[in-house]
Amino acid sequence: MDNFLTGRARSLGAGLRALLVLTLLTGVLYPLAVTGAAQLLFSDRANGSEVRADGRVVGSSLIGQPYTLPLKKGQETPEPDLRWFQGRPAAGLGTNSENTRYSLLLSGATNLAADNKVLVQRVADAKAAVVRDNSVPGHPVRSADVPADAVTSSGSGLDPDISPEYARLQTHRVAARNHLSVAEVARIVREHTEGRTLGFLGEPRVDVLALNSALRDLAARP
C-alpha cells in the first residue's frame, strides 16, 4: 500500500513539474520571445500596420475603409464623399446576426456566379455611378475607361488598395472638388503607387488611406 501511494505521489509530482516547466516555456518565455522579436524587427506590422495622422490612429494600411457622407434622415445607404479617393466596393460584407450585442461586419465575398443577374446588375449600377461621379467639365469618363476593381469587391470585401488605373480615373474629380490642380493630384497618385511585390507577385496598387492622407495634407497647404 505504501509503495502504491509512493508511486502515485511520484507520478503526480512529476506531472506537476512537467506542467510548470511547459507552462513557463510555452506560456511565458516563448510568447515573450516572439513578441519581443516582432516588436524589434517588425514593429509596424506587429502593431497592426497602423496609419497615424496628427498624432492619432486613423486606420490600418491592411484594411479598407469607406469615405462617405453622413446619412440623411431616412437614408439607409450613405453616399460617397467625392472630395476623397474612393476604394473598391464592399459587396459581400454581411452583418452579425448571432451576437447582436455587438455591431460587427462579416468579411467575405458575394459567392455569386459571373452570370448571376444580381451581380450583373450590381456591376452595371456601380459602373454607371463611377462614370457619373468622375465625369467633370472638359473630362468625361467613358464606360470603357472604368477598371474592374472600381465595380467589383475583393474576396474579403476589405481590400485597402485600388489599381493605379482607378486612382488616375478619379484624379480630375478629386482635383476639382478640392480646388487643386490635376498635376498636383496626379503627382501624389504617382508617389503612392506601389509596384508588384518582389517585382513579380500581385499587381501594382495604391493604398487609398495613404493616398487620402496625402491629399488632406495637400489640400491644407495655403
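Some observations on this one:
- Among THR171, THR35, THR23, residue whose mean-square fluctuation peaks in a GNM of the chain (springs only between Cα atoms under 10 Å): THR23
- The simple Förster model, with R0 at 41 Å and r as the Cβ-Cβ distance, assigns VAL21 and GLU191 a FRET efficiency of 0.15.
- Contour minus Cα-Cα distance for LEU41 and HIS179 (0.36 nm per residue): 45.5 nm
- Helix 117-134 vs. the chain, principal-axis angle (Cα, 0 to 90°, nearest 10): 60 degrees
- Across the chain the C-alpha pair distances fall into 10 Å bins from zero in the proportions 7, 22, 28, 18, 9, 6, 5, 3, 1, 0 percent.
- Annotation: extensible slack from LEU32 through ARG8 equals 5.2 nm (criterion: 0.36 nm per residue apart, minus Cα-Cα distance).
- At R0 = 41 Å, FRET efficiency that the Cβ-Cβ distance of ALA148 and LYS73 yields, to 0.05: 0.70
- Estimated 222 nm signal from helices in the chain, with DSSP H stretches of n ≥ 4 weighted -39500 (n - 2.57), rounded to 500: -13000 deg cm²/dmol
- Largest first and in whole Å, the equivalent-ellipsoid semi-axes of the stretch 1-50 read 43, 7, 4, each the square root of five times a Cα gyration tensor eigenvalue.
- Choice from LEU40, LEU25, LEU16 with maximal GNM fluctuation in the chain (Cα, 10 Å cutoff): LEU16
No lab work stands behind these numbers, since they all come straight from the coordinates. What you see is a predicted model; the values in this text were computed from it and never measured. Neighbour counts run over all protein chains shown; Cβ positions are idealised from the backbone, glycine included.
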